[in-house]
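Data first, discussion second: the structure below is written as C-alpha cells.
The values are calculated or read from the model by the stated rules, or taken from the named source; none is laboratory data. Because the structure is a prediction, the values reported are computed rather than measured. FYI the Cβ positions are ideal-geometry reconstructions off the backbone, even for glycines, and counts take in every protein chain you see. To get the accessible areas, we keep the full protein, side chains included, count just its heavy atoms, and leave off ligands, DNA and RNA. Shrake-Rupley method; radii C 1.70, N 1.55, O 1.52, S 1.80 Å.
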Amino acid sequence: MYSYFDNRDTLLAEVFRDTAEYEFARVSAAVDAADSPVARLDALIVTFAERALRGRRLAWSLLFEPVIPAVDAQRLRLRRWYRDLGAQVIDDGVAAGVFIPQDAGVTASALLGAISESLVGALNPDIAPPVADDPDALLDTIRAFCFRALGATEKERS
C-alpha cells in the first residue's frame, strides 16, 4: 500500500477525494440535465439531500465527521465545488429574472450550509432518526426555504 501512498493521511485524503468527486458528479449531472434555473436549483437541492438521506453514514463522513487536516483540505475543495455549482445556478436565475439580484457566491454558500445543517439530525449515524420524521416533509421544507431565500415565488417554482 505504501508503494502507492506516502502515508495513512495521504490514503485517507485520496479515498475521501474519490468519494466526494463521485457524489458531486451525481449532483452536477442532475443539475446539468435540468432545463431552467428553477429546475436546476431544485435538482441540486433534491439530488444532494436525497443521496445524503439514502447514504447517511457516507454523507455524515463527507460533511460532518471530524477529520485529519489532509482530509479537511479535500472537504473544503468539495464545498467550493458545490458553492460554484450553486452560484452558477443562482446567476442564471437572476439573469432569467426568477431570482432576485444577489451575490451568487455568498448566497450559494449560505444555501448549501443551510441544506447541510438541516440534514444533521437525519444523517447522524450515532443516533437513529426519529420514526416520526418524514424525509419528504424535510425535503419540502428545505426546498421551500431555499427558494424563498432566492426570492422565487410559488408560481415560479411550479
> Just a yes or no: is a residue in the range 99-118 assigned to a helix (DSSP H, G or I) and either at pLDDT below 95 or charged (D, E, K, R) (or both)?
Replying inline: yes
> Which residues, counting only those in the range 1-25, are loosely packed, with under 13 Cβ neighbours inside 10 Å and either under 27 Å from GLY151 (Cα atoms) or under 15 Å from the mean Cα position of the chain (by Cα) (or both)?
Replying inline: TYR22, ALA25
> For the range 72-91, which residues satisfy the criterion of being in contact with a Lys or Arg (Cβ under 7 Å, 6 or more places away or on another chain) and within 12 Å of VAL31 (Cα to Cα)?
Replying inline: VAL89
> Can you find a residue in the range 34-48 that is outside any loop (DSSP other than H, G, I, E, B), charged (D, E, K, R), closer than 30 Å to LEU150 by Cβ and open to solvent by 60 Å² or more (accessible area, probe 1.4 Å)?
Replying inline: no
> Within the range 93-111, can you find the residues that are open to solvent by 20 Å² or more (accessible area, probe 1.4 Å) and free of Cβ contacts under 8 Å to residues at least 60 places away in the same chain?
Replying inline: VAL94, ALA95, GLY97, ILE100, PRO101, GLN102, ASP103, GLY105, VAL106, THR107, SER109, ALA110
